[in-house]
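One structure is given below, encoded as structure tokens.
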Amino acid sequence: MQKSLHIDANKCTGCLQCEMACSYENYGVFNPAKSRIKIFNFEHEGRKVPYTCTQCAEAWCLNACPVDAIRVDVATGAKVVNESTCVGCKVCTIACPFGTVNYVADTGKVQKCDLCGGDPACATACPTGAITYVDADWTGLDKMRAWAGKTDNATRASA
Amino acid sequence: MAWTRKVLRVDLTNGTCKPEPLNMEWAQQYLGQRGLATKYFVAEVDPKVDPLSPANKLIMTTGPLTGTPASTGGRYSVVTKGALTGAIACSNSGGYFGAELKFAGWDMIIFEGKSPKPVYLSIENDKAELKDASHLWGKTTWQTEEGIKKAHQDPQVRICSIGRAGENGVMYACIVNDLHRAAGRSGVGTVMGSKNLKAVAVRGTLGVSGLKDAKAFIAAAAAGKKVLAENAVTGQGLPTYGTQVLMNVINEMGALPTRNHRDVQFEEARKISAEAMAEKRPTDGKSHLVTNAACFGCTIACGRISKIDETHFSVVNKPEYWGASGGLEYEAAWALGAANGVGDLEALQYANLICNEDGFDPISFGATVGAAMELYELGILKKEDIGMDAPFGSAKALCELAQMTAKGEGFGKILGLGSARMCEKYGKPELSMSVKKQEFPAYDSRGIQGMGLTYATSNRGACHLRSYTVASEVLGIPVKTDPLVTEGKAELVKAFQDATAVFDSAGLCIFTSFAWSLADIQPQIDAACEGGWTMEKLGEVGERIYNMERLFNNAAGFTAKDDDLPPRLKTEPAKTGPAKGLVNGIDKMRPEYYQVRGWDANGVPTKDTLGRLKL
């Protein structure tokens, strides 16, 4: 079963445990500046929103890369940057409509979420369930369940 | 490394910023943050120094667990000699600023001297420089944060700053970071203002790595988070209701100080409680509370984010206050509300916003308003002195006085002195509900006896965050003790004071201690920090820190006489509730406490005690 990250911004408290987990997984350092998932704080609305790569089926970053440095990980469906091939031209950062591929000056390469090979550290670290890793075909399941729970079939149940 | 091992020394007089290595010998004796920065402070500053003179220093400091995934590991503290108290001050704040300072590679910043003109410190990893802040002087903390982010073209920079209160010499000005978190008490912002230091802006991209045993640390941090999640207070009560969960509880106990401690129960407590914050308003059908919020690394998330009622008289035609913002927390709701008899939730939030915006402590401010209202009701202060009618319960007066204090206008200047100096000025020093000139927080010590001893012996003046015996006396954490008796409170207070000093020195939030004991943080500290951090060593560090602070205060001129409560709490019995008829038994507890502490009858640590603690 293919899985994907599922984000419920209403549950995010802005603790940044996900950002620390991401940077530690990829660089061995607790450092939000190196995180591939970012929490955005819309202070005046009281909203906090986690945002990262959605692993597009038709990945614009992958298609734009002139050296084929971005490939599909068949096991997870993640679009993964091969650092040894990446030349740091940044075309993918322009191609991505969502801004989730970014250049890293330290390495001269780009970075993006690779789903940690199928066990995303951000989802494990999230204390509130705002970030989960679920069946890619059923990211709407929880919402469906919530609405289903509101369905009024009491008449039939009692008949 | 848990410690970055780097200290930034900023000479404001000469405009220089120089790095130096952290004293690792001291780190082993004082851990970090509160303990370690206070060690630096007492080693470098004359205890008799005038807090507002250039010879006073101000230290911003992180702990070894700041910037790590340990739950709540995002704290920083400000250590100085307090403007309000003249005692050692250590004010702790969450938000994101502390972790950012750590990520930039600094354990602490020591500010010395006084800048000839307004400046702010800009830090980008190892690059630190003082920049002109003339254009920011006179601006609020909110405007300052926005202005610096724009000027740096960097929305990710984290900022702490003073507002107009810190510039105008309000004696309980605080240092606000991330819009609504604050190093709040004792006037640390007043000291910052006296140095012409407007703000510190930090961008840190180095992160924290090289912990002693990272794998063991992550496992210990995860175990700690599980304990917090499964605890009723940290897992459910605080995230759902915030600290405001206490309003009705403490009121029912008869320990909610009301109208300058004349009463111990507030008839309108429910209207300003967590429950009220969650109810839909008749005016717009929305609840006051928008959401909860976490500080950096915190898995509790007790913070409150609220929206004020746009139709409330305080914010009519002031859209700048209509957005979501921080508050109300229990202490602010009490001080702005019950302490002066105001039961208008929206008015409290407005005053709270002004406190955040212009950087002053809502506890001291609210309590000072309460004292002023009592002076007004006694006829000592007249309408023309204050510029308005100011009886207990006047929401209008509260809101106007908050603005006047922020701007340093009219009677706001007097309120800015704090209750002790104000009541002294009007010949009624006994009406200041304070210890060492710092106002009480939200627990009446007639109904919670241990808090009387806590307040009297707190090294930074009256404060609940030096030994929160409410946990034991009210909530039964770690064991239930009877709040109405003095027996056993000396030992209880000492144990809480010493343990709290360790939490405050680690980079953690004291709210974790509703669920965590030292045994829960010991594995986290030991896995992160070199040096073999056993329970025994941590216990000794906590006690050493408390005694070090005490020695500084003694040298500053404080004596056993200053470990006392205002006469009201010793002679006017509680009128209602479970503590009806009781006064606080401080005179009985004090000598017991000195004995438990190993101090002589004058509150001076004995030679044996100093030797045992290697002081």
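The values are calculated or read from the model by the stated rules, or taken from the named source; none is laboratory data. All values reported here derive from a predicted model rather than from experimental measurement. Cβ: placed from backbone, ideal geometry, glycine included. Neighbour counts: every protein chain shown. The area values use the complete protein model at the heavy-atom level, side chains included, leaving out ligands, DNA and RNA. Shrake-Rupley method; radii C 1.70, N 1.55, O 1.52, S 1.80 Å.
How much accessible area per residue does the stretch A:3-157 have, counting only protein heavy atoms and a probe of 1.4 Å, in square angstrom?
Heavy-atom SASA per residue in the stretch A:3-157 reads 54 Å².
Each residue of the stretch B:402-419 in order: what ³J(HN,Hα) in whole Hz does its phi give by Karplus 6.51 cos²θ - 1.76 cosθ + 1.60, θ = phi - 60°, with x for Gly and Pro?
So the Karplus estimates, Gly and Pro as x, are 4, 4, 5, 5, 4, 8, x, 9, x, 5, x, 5, 5, 4, x, 6, x, 5 Hz.
Based only on the alpha carbon positions, what is the Kirkwood hydrodynamic radius of chain A, in angstrom?
About 17.1 Å, per the Kirkwood formula over Cα pairs.
List the residues whose amide H sits under 5 Å from the amide H of B:Gly67, counting only those 5 or more places along or on another chain, with H placed 1.01 Å from N in the peptide plane.
Hits under the 5 Å cutoff: B:Gly74, B:Arg75.
Relative contact order for the stretch B:491-565: what percent, with Cα pairs under 8 Å and sequence separation of 6 or more?
Here the relative contact order equals 38 percent.
Excluding residues fewer than 8 places away in the same chain, name every one of the aspartates and glutamates whose C-alpha is closer than 13 Å to that of B:Lys57.
B:Asp11, B:Glu44, B:Asp46, B:Glu112
Need one word for chain B: rounded, prolate or oblate. Basis is the Cα gyration tensor (sqrt eigenvalues a ≥ b ≥ c); a/c below 1.5 gives rounded, then a/b vs b/c decides. Before the final figure, lay out each step's value.
Values: a/c = 1.33, a/b = 1.13, b/c = 1.18.
Verdict is rounded for chain B.
Using a 1.4 Å probe on the protein heavy atoms, what percent of the accessible area of the protein assembly as shown belongs to carbon and sulfur?
Carbon plus sulfur share of accessible area: 54 percent.
Could you give the length gained by full extension between A:Asn10 and A:Val104, i.e. 0.36 nm per residue of separation minus their alpha carbon distance, to one decimal place?
30.8 nm
Consider just the alpha-carbon atoms of the stretch B:387-504 and return their Rg together with their Dmax, both in angstrom.
That works out to 17.3, 50 Å for Rg and Dmax.
Measuring with a 1.4 Å probe in the full set of protein chains, what accessible area per residue, in whole Å², belongs to the stretch B:451-612?
35
Pop out the ³J(HN,Hα) list for the stretch B:226-240 in order, Karplus 6.51 cos²θ - 1.76 cosθ + 1.60 with θ = phi - 60°, rounded to Hz; leave Gly and Pro as x.
5, 4, 5, 5, 8, 7, 5, 6, 7, x, 10, x, 5, x, 7
Between A:Thr124 and B:Thr16, with labels modelled 7 Å along Cα→Cβ, what's the label distance in nm to one decimal, could you check?
4.8
Taking amide hydrogens as modeled 1.01 Å from N in the peptide plane, which residues meet the under 5 Å criterion relative to A:Phe40, leaving out close sequence neighbours?
Excluding prolines and chain starts, which carry no amide H, the hits are A:Val49, A:Tyr51.
So for the protein assembly as shown, considering every pair of alpha-carbon atoms, how many percent are separated by more than 49 Å?
More than 49 Å apart: 15 percent of the Cα pairs in the protein assembly as shown.
Calculated from DSSP H runs of 4 or more alone, at -39500 (n - 2.57) each and per residue, what is the 222 nm mean residue ellipticity of chain B, nearest 500?
It lands at -11000 deg cm²/dmol.
Taking the Cα-to-Cβ direction at B:Trp26 and at B:Gln403 and moving 7 Å from each Cα, how far apart do the two end points lie in nm?
Result: 4.6 nm between the two label points.
Return the value, in Å² to the nearest 100, of accessible area buried between chains A and B (probe 1.4 Å, both sides summed).
For chain A against chain B, roughly 1900 Å² becomes buried.
For the pairs B:Lys149/B:Lys215; A:Lys48/B:Lys149; B:Lys139/B:Lys286; B:Lys139/B:Lys396; B:Lys139/B:Lys382; B:Lys81/B:Lys607, flag any whose C-alpha to C-alpha distance is greater than 28 Å.
Listed pairs above 28 Å: B:Lys149/B:Lys215; B:Lys139/B:Lys286; B:Lys139/B:Lys382.
Determine, from the Cβ-Cβ distance of A:Lys143 and B:Phe313 and an R0 of 30 Å, the FRET efficiency 1/(1 + (r/R0)^6), rounded to the nearest 0.05.
Calculated value: 0.15.
Let's test the formula: R0 of 35 Å, r as the Cβ-Cβ distance of B:Glu279 and B:Ala232. What FRET efficiency results, to the nearest 0.05?
Approximately 0.95, to the nearest 0.05.
How large is the accessible surface of A:Lys3 in square angstrom, using a 1.4 angstrom probe and rounding to the nearest 10?
For A:Lys3, the solvent-accessible surface is approximately 70 Å².
Could you give the length gained by full extension between B:Ile380 and B:His152, i.e. 0.36 nm per residue of separation minus their alpha carbon distance, to one decimal place?
Length difference between fully extended and current span is 77.0 nm.
Going by a ≥ b ≥ c, the root eigenvalues of the Cα gyration tensor, does the stretch B:6-203 fall in the rounded group (a/c under 1.5), the prolate group (a/b larger than b/c) or the oblate group?
rounded
Just tell me which aspartates and glutamates come within less than 14 Å, Cα to Cα, of B:Lys212; anything on the same chain fewer than 8 places away is out.
Once the sequence-local aspartates and glutamates are set aside, what remains near B:Lys212 is B:Asp526, B:Glu530.
Trypsin sites (Lys or Arg not before Pro) within the stretch A:54-126: which are DSSP loop residues with at most 11 other Cβ atoms inside 10 Å?
When the trypsin sites (Lys or Arg not before Pro) of the stretch A:54-126 are filtered for loop state and at most 11 Cβ neighbours within 10 Å, nothing remains.
Using Cα pairs under 8 angstrom and six or more residues apart, how large is the relative contact order of chain A, in percent?
About 29 percent, as a whole number.
Find how many whole Å separate the alpha carbon centroid of the stretch A:64-82 from the alpha carbon centroid of the stretch B:590-605.
Each part reduced to its Cα centre gives a spacing of 69 Å.
Could you work out the mean count of beta carbons from other protein chains within 10 Å of each residue's beta carbon in A:43-51?
5
Antiparallel versus total DSSP beta bridges in the protein assembly as shown: what percent is that, nearest 5? Walk me through the intermediate numbers first.
Numbers: 65 of 76 bridges.
Counting DSSP beta bridges with both partners in the protein assembly as shown, the antiparallel share is about 85 percent.
For the stretch B:451-612, take the convex hull of the Cα atoms, compute a quarter of its surface area, and give me that in nm², please.
10.0
What accessible area per residue comes out for the stretch B:6-203, rounded to a whole number of Å², with a 1.4 Å probe?
Averaged over the residues of the stretch B:6-203, the accessible area is 28 Å².
Report the gain in length on full extension from B:Gln595 to B:Thr240: 0.36 nm times residue separation, minus Cα-Cα distance, nm rounded to one decimal.
123.7 nm
Within a 10 angstrom radius of each residue's Cβ in B:291-302, how many Cβ atoms of other chains show up on average? Whole number is fine.
6
Could you go through the stretch B:53-65 in sequence order and give the Karplus-derived ³J(HN,Hα) for each residue, using 6.51 cos²θ - 1.76 cosθ + 1.60 with θ = phi - 60°, rounded to whole Hz, and x for Gly and Pro?
8, x, 6, 6, 10, 9, 10, 9, 9, 9, x, x, 9
For A:Ala57 paired with B:Ala219, estimate the spin-label separation in nm (one decimal), with each label point 7 Å from Cα along the Cα-to-Cβ line.
That separation, rounded to one decimal, is 4.3 nm.
Name the lysines eligible as straight-distance cross-link partners of B:Lys575: C-alpha to C-alpha under 24 Å, and not fewer than 8 places from it in the same chain.
In chain and number order, the partners are B:Lys271, B:Lys428, B:Lys489, B:Lys588.
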